[in-house]
C-alpha cells in the first residue's frame, strides 16, 4: 500500500513538473483556444493520476507518455470540433500546411532522441551519430573508427532498429525514426 502511494506521488510530481511544458505544447497546436488547451492538459494529468499505479514507468518515461496522451487528446479535440484529422498525422501536421516546425515539439523530439541514444552502446551511438546525424559516409566512418565498412553499416542499422523498438515500446510515434 505504501509503495503504491509513494509511486503515485512520485509519478504525479514528475507530471506536475512537466505541466507548463505540456501547456505550451498543447497551446502551440490549438492556437488561440486557451480553454481547450487547459482542458487537454487537465485531462492528461487526470489520466496520469488514474493510471499512475498501473503503468510500469520504468519502461515508459513519464514525459514521453504525457506528451503522447496530450497529442492524442488534441487529435480527439479536433475530431469533436468537426475538423478533419487525416489518419497517421502527428500533432505537428495539424497546424497550417506551410507553418514552421513547432519549436516545442522539436525540443521534445531532440530530448527523446538523446534519451534513446544514451541507451545504445558507445560503439552503436558513435556510428549512429556520425552516419545519421553528421551525414558522414560509411567508408569515412569506417576509416576513422578503424573498423570494416560492413561493421559500420551493421552498427548503424542495429542502432536505428533498437531506437525504433524502444520508441514502439514506449508508444511514441511523434518522432520520425
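The values are calculated or read from the model by the stated rules, or taken from the named source; none is laboratory data. Computed from a predicted structure; not experimentally measured. Please note: Cβ atoms are built from the backbone with ideal geometry, for glycine as well, and neighbour counts cover all protein chains shown.
Could you list all residues from the stretch 26-44 that are in a helix (DSSP H, G or I) and either modelled with pLDDT under 85 or touching a helix residue (DSSP H, G or I) at 6+ places or on another chain (Cβ under 6 Å) (or both)?
First, the residues of the stretch 26-44 that are in a helix (DSSP H, G or I): 26-30, 34-44.
Correct list: 26, 27, 28, 29, 30, 34, 36, 37, 40, 41, 43, 44.
Given the criterion in contact with a helix residue (DSSP H, G or I) (Cβ under 8 Å, 6 or more places away or on another chain) and at pLDDT 80 or above, identify the matching residue among 104, 142.
It is 142.
Name, by its number, the condition in (1) surrounded by 14 or more Cβ atoms within 10 Å (Cβ to Cβ); (2) part of a loop (DSSP other than H, G, I, E, B) that does not hold for residue 124.
(2)
Among the listed residues 40, 69, identify the single one that is crowded, with 18+ Cβ neighbours inside 10 Å, outside the structural domain of residue 166 (by TED's automatic domain parsing) and under 14 Å from the mean Cα position of the chain (by Cα).
Result of the check over 40, 69: 69.
Taking the options 23, 125, 110, name whichever one is at pLDDT 80 or above and closer than 23 Å to residue 169 by Cα. First the steps, then the outcome.
Numbers: 23 fails: closer than 23 Å to residue 169 by Cα; 110 fails: at pLDDT 80 or above.
Exactly one of 23, 125, 110 is at pLDDT 80 or above and closer than 23 Å to residue 169 by Cα, namely 125.
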